[in-house]
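Q: Here it is: the structure, laid out below.
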Amino acid sequence: MPETAGGTTGATIELENLTKRYPGHPQPAVDDVTMEIRAGETVVFVGPSGCGKSTTLKMINRLIEPTSGRISINGEDVTHIDPVRLRRKVGYAIQSSGLFPHMTVAQNIALVPRMTGWSRPRIRDRVAEMLDLVGLDPAEFHGRYPRQLSGGQQQRVGVARALAADPPVLLMDEPFGAVDPITRDHLQDELIRLQRELHKTIVFVTHDFDEAIKLGDRIAVLRERSHIAQFDTPEAILTNPADDFVSGFVGAGAALKRLNLSRVRDVEITDLPVATVDDPLQTVFDRLRESGTNEILLLDRRGRPYKWLRRGDLMRAQGSLARAGALVTDTVTRDATLRDALEAVLTDNAGRVAVTGRHGEYTGVVDVQTLMNSVHELLEADRLDALEHQHDLEESRAARTHAEQEGGAGGRTE
Ligand SMILES: Nc1ncnc2c1ncn2[C@@H]1O[C@H](COP(=O)(O)OP(=O)(O)O)[C@@H](O)[C@H]1O
Ligand SMILES: [Mg+2]
């Protein structure tokens, strides 16, 4: 496996003619699936309930044994290797985290490393590293029990556990299906950030097409028995769905869904003058005057956006900022989708939102005008692509018809 300073990166997964028949069922649950998942990519399986997504996924780590077919990881046939050895290559995270309730967070995360025979100090360091990776303070969380955590925190621990033994492959079965929509958004953003650091091969199952668009480098739209209806990039599926089944899955509002494909990092993030709560009022005034803007963002002691202050607020502040200005209610990270950002700026009465870094610290601002311009450019580019694709199709159709006519005419003269 390729090793980098950050750990083991992704491996290629090949599924060849993979089939699962459950006893007593006339139809296979998964029927002859062949696909290649490239090292380091995130592939999302999306399809209706019961179409065989989980069964396909669980055959990759052999929680379910295939009836026939072959699975290989980085060229090695793993169809018959020891399942414990396979677990080291393949991390697994599921809905409702699947944590063992009688074990602490640290014990849960240590599970596979312990099975694999790591030394105690190495396991201890790894647990702390994993908690930090998923945004939980190791000192605070390692001794807690799952029931003492929120749903989102449990899910984070589930991801930490799946990654603990540094496997090249991560399988995730509707991992964010049981949390509320806002927490789900955050968990998705974090998975994107993690993946940019780790470059694992991730196979992610969901029935939510928006989630698939947001997370997938490629999406496999599956119909019954895991038949692949289309396996392509989100852009290609949105702009050229293969058939009516896929169109049905894409659903209405493809243009809006397109916004899930671009991130805040892709648009221009501007700087606003800032001050911190400890700055004297005079400094706040001076910054505002120097910048020539009408507004300044007040940060808390940890550098996180705290309050929007306008000139008028300062005039009325009369020596104290305690009651002046408007609290910051919403922020986005650079990994948030343009759709999330658009929602934030459209509900903000001044039409802007602060962008924050990994620890919630201020990094800039995006405003409604910037976003609208980017959205317009994106949709325009898509429209041109689709037109070009249409043009290519028509040309190849015309060429085929022409060749057939030539061939037909030739046949008659002989
Ligand atoms: N252990 C099992 N025994 C018999 N049938 C099963 C079993 N597990 C799943 N199935 C059936 O296999 C099909 C695919 O299930 P599953 O892979 O869980 O679908 P999905 O994850 O897409 O919702 C369904 O028809 C389901 O009823
Ligand atoms: Mg399932």
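The values are calculated or read from the model by the stated rules, or taken from the named source; none is laboratory data. This is a predicted model, so every value here is computed, not measured. Glycine also receives a Cβ, built like all others from the backbone with ideal geometry; neighbour counts cover every protein chain displayed.
Q: For the range 180-196, enumerate the residues that are surrounded by fewer than 22 Cβ atoms within 10 Å (Cβ to Cβ) and aliphatic (A, V, I, L, M).
A: Selection gives Ile182, Leu187, Ile192, Leu194.
Q: List the strands (runs of 3 or more DSSP E) that sit entirely inside the range 201-283 and contain at least 2 residues that are at pLDDT below 90 and in contact with a helix residue (DSSP H, G or I) (Cβ under 7 Å, 6 or more places away or on another chain).
A: none
Q: Evaluate the range 95-114: report whether one residue or more is within 14 Å of ligand 2 (Cβ to nearest atom) and not in a loop (DSSP other than H, G, I, E, B).
A: no
Q: Moving on to the next point. Regarding Gly177, is this residue within 16 Å of ligand 2 (Cβ to nearest atom) and surrounded by fewer than 18 Cβ atoms within 10 Å (Cβ to Cβ)?
A: yes
Q: Any chance you could count how many residues in the range 118-158 are touching a Pro at 6+ places or on another chain (Cβ under 8 Å) and crowded, with 23+ Cβ neighbours inside 10 Å?
A: 4
Q: Which one of Ala254, Ala236, Ala229, Ala242 is over 30 Å from Gly151 (Cβ atoms), crowded, with 19+ Cβ neighbours inside 10 Å and among the small types (Gly, Ala, Ser)?
A: One residue alone meets the criteria, Ala229.
Q: When you scan the range 66-88, do you find a residue that is within 14 Å of ligand 1 (Cβ to nearest atom) and either surrounded by 21 or more Cβ atoms within 10 Å (Cβ to Cβ) or modelled with pLDDT of 95 or more (or both), even just one?
A: Checked against the condition, which is being within 14 Å of ligand 1 (Cβ to nearest atom) and either surrounded by 21 or more Cβ atoms within 10 Å (Cβ to Cβ) or modelled with pLDDT of 95 or more (or both), the range 66-88 yields at least one hit.
Q: Conditions: (1) of a type outside the set (Asp, Glu); (2) within 16 Å of ligand 2 (Cβ to nearest atom); (3) surrounded by fewer than 18 Cβ atoms within 10 Å (Cβ to Cβ). Arg38 meets all but one. Number of the miss?
A: In the conditions (1) of a type outside the set (Asp, Glu); (2) within 16 Å of ligand 2 (Cβ to nearest atom); (3) surrounded by fewer than 18 Cβ atoms within 10 Å (Cβ to Cβ), Arg38 misses (2) alone.
Q: Going residue by residue through the range 100-107, is there one that turns out to be among the aliphatic types (A, V, I, L, M) and farther than 30 Å from Arg144 by Cβ? So that I can check it myself, show each step before the final result.
A: Start the filter on the range 100-107 by keeping residues that are among the aliphatic types (A, V, I, L, M), which leaves 103, 105-106.
When the remaining residues are screened for being farther than 30 Å from Arg144 by Cβ, the result is none.
No, the range 100-107 has no match at all.
Q: Yes or no: the range 216-231 includes at least one residue that is touching a residue at least 24 places away in the same chain (Cβ under 8 Å), under 30 Å from Arg120 (Cα atoms) and away from ligand 1 (no atom under 16 Å from the Cβ).
A: For the range 216-231, residues touching a residue at least 24 places away in the same chain (Cβ under 8 Å), under 30 Å from Arg120 (Cα atoms) and away from ligand 1 (no atom under 16 Å from the Cβ): absent.
Q: I'd like to know if the range 17-32 contains one or more residues that are within 20 Å of Leu170 (Cβ to Cβ) and not in a strand (DSSP E or B).
A: No, the range 17-32 contains no residue that is within 20 Å of Leu170 (Cβ to Cβ) and not in a strand (DSSP E or B).
Q: Kindly evaluate Arg144 against the criterion of being away from ligand 1 (no atom under 16 Å from the Cβ) and under 30 Å from Thr19 (Cβ atoms).
A: no
Q: Continuing with this model, one more query. Can you find, within the range 197-212, the residue that is surrounded by the fewest Cβ atoms within 10 Å (Cβ to Cβ) among those that are among the aliphatic types (A, V, I, L, M) and away from ligand 1 (no atom under 16 Å from the Cβ)?
A: Result: Leu198.
Q: Mind counting the residues in the range 271-286 that are surrounded by 14 or more Cβ atoms within 10 Å (Cβ to Cβ), within 38 Å of the chain's Cα centre (by Cα) and not hydrophobic (A, V, I, L, M, F, W, C)? Let's see the steps before the verdict.
A: Narrowing the range 271-286 to residues surrounded by 14 or more Cβ atoms within 10 Å (Cβ to Cβ): 272-276, 279, 281, 284-286.
Subsequent filtering for residues that are within 38 Å of the chain's Cα centre (by Cα) retains 272-276.
Now drop any that are not not hydrophobic (A, V, I, L, M, F, W, C), which leaves 273, 276.
The qualifying residues number 2.
Q: Go through the range 28-63 residue by residue and tally those that are within 8 Å of ligand 1 (Cβ to nearest atom) and farther than 26 Å from Val84 by Cα.
A: Residues that pass the stated criteria total 5.
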